[in-house]
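The values are calculated or read from the model by the stated rules, or taken from the named source; none is laboratory data. Nothing here was measured: the structure is a model prediction, and the numbers come from that model. We place every Cβ from the backbone using ideal geometry, glycine too, and count neighbours over all the protein chains shown.
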Amino acid sequence: MKSQNSVKLMLCVGLFFYQSVAFARLSIEPYASVSSTKQIKPDKVGKTKSDSTTAAATETETIKQRTTYGLRATIGLSRLLKFQLGVGQSELTTTSKTSAAVDDYGEIDFEKDLSMDTSDPEKEVTIKETQRKASAVLAVDPSFSIFILRAKAGVVATQRLFSKEADAEAPVSFESPITYKPTCGAGAGIKLGRTMYFLAEYSLFLYKFPEKSPFEREVSVSYGLNF
């Protein structure tokens, strides 16, 4: 009896490790994404010039786009559940008047951190921002024949590097602390063979939840290889 139980135990353990190895397939995904950052700012309530009555407050909407290139590695934990690590980098250069130069995410004070002179609101300033991102995500990734569906949630670590240039001023650089933000998303794709697939995903980043602004939405495409 003991020998039979030992055999059963060994078979169960062997089956467990066999399934774990079978599930633990590694996928490499080079990807490119376009993210859109939406910032809604309420204008200050003021008085009209005609009758000194209070004017209604309005909102100014600013949208900027960033293109990120990177690499993701995904390992299967089960038939449905996968763990994904990713890295990527984007660059954005903007030129605007100092009166309009503000951080889309509300994290950086340009006047303080970039020593930006705001005494002349009409003066132009050029700011280059480089974003380095690393992500850790859990994904539910079922597949149907040649089609793939994906739902995911996780966290993204972002480091932002700035350089500022303006006429008659020395260039200024600034490196922000690393921030961590939640992310979620969904995607769909198609298999191109036993080891290759193409995937399109939509992701959402809420920076000051439950506030609706600012937030960032991202559309990415990736080409995956299974090993």
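With D117, D109, D104 as the choices, which residue is acidic (D, E), farther than 16 Å from L199 by Cβ and modelled with pLDDT of 90 or more?
D109
Let me confirm something: among K82, K112, which residue is under 24 Å from F215 (Cα atoms), basic (K, R) and free of Cβ contacts under 8 Å to residues at least 60 places away in the same chain?
K112
Can you tell me which residue in the range 202-227 is modelled with the lowest pLDDT, limited to those that are acidic (D, E) and either under 16 Å from I75 (Cα atoms) or within 16 Å of the chain's Cα centre (by Cα) (or both)?
It comes out as E216.
Can you work out which of the residues in the range 108-134 that are of a type in the set (S, T, N, Q) and under 16 Å from the mean Cα position of the chain (by Cα) is surrounded by the fewest Cβ atoms within 10 Å (Cβ to Cβ)?
Only one residue tops the list, namely T130.
Report, by residue number, each residue of the range 127-151 that is in contact with a Ser or Thr (Cβ under 8 Å, 6 or more places away or on another chain) and of a type in the set (K, R).
Passing the criteria: K128, R132, K133.
Out of the range 79-107, which residues are buried (at least 18 other Cβ atoms within 10 Å of the Cβ) and within 22 Å of Y207 (Cβ to Cβ)?
Correct list: Q84, G86, G88, S90, A101, D103, D104, Y105.
With the requirement that a residue be surrounded by fewer than 19 Cβ atoms within 10 Å (Cβ to Cβ) and either modelled with pLDDT under 95 or in contact with an Asp or Glu (Cβ under 7 Å, 6 or more places away or on another chain) (or both), what does the range 191-201 give you?
Listed by number, the residues that qualify are K191, L192, G193, R194, T195, M196, F198.
Could you list all residues from the range 152-183 that are closer than 17 Å to L80 by Cα and either among the basic types (K, R) or surrounded by fewer than 15 Cβ atoms within 10 Å (Cβ to Cβ) (or both)?
Scanning the range 152-183 gives K152, A153.
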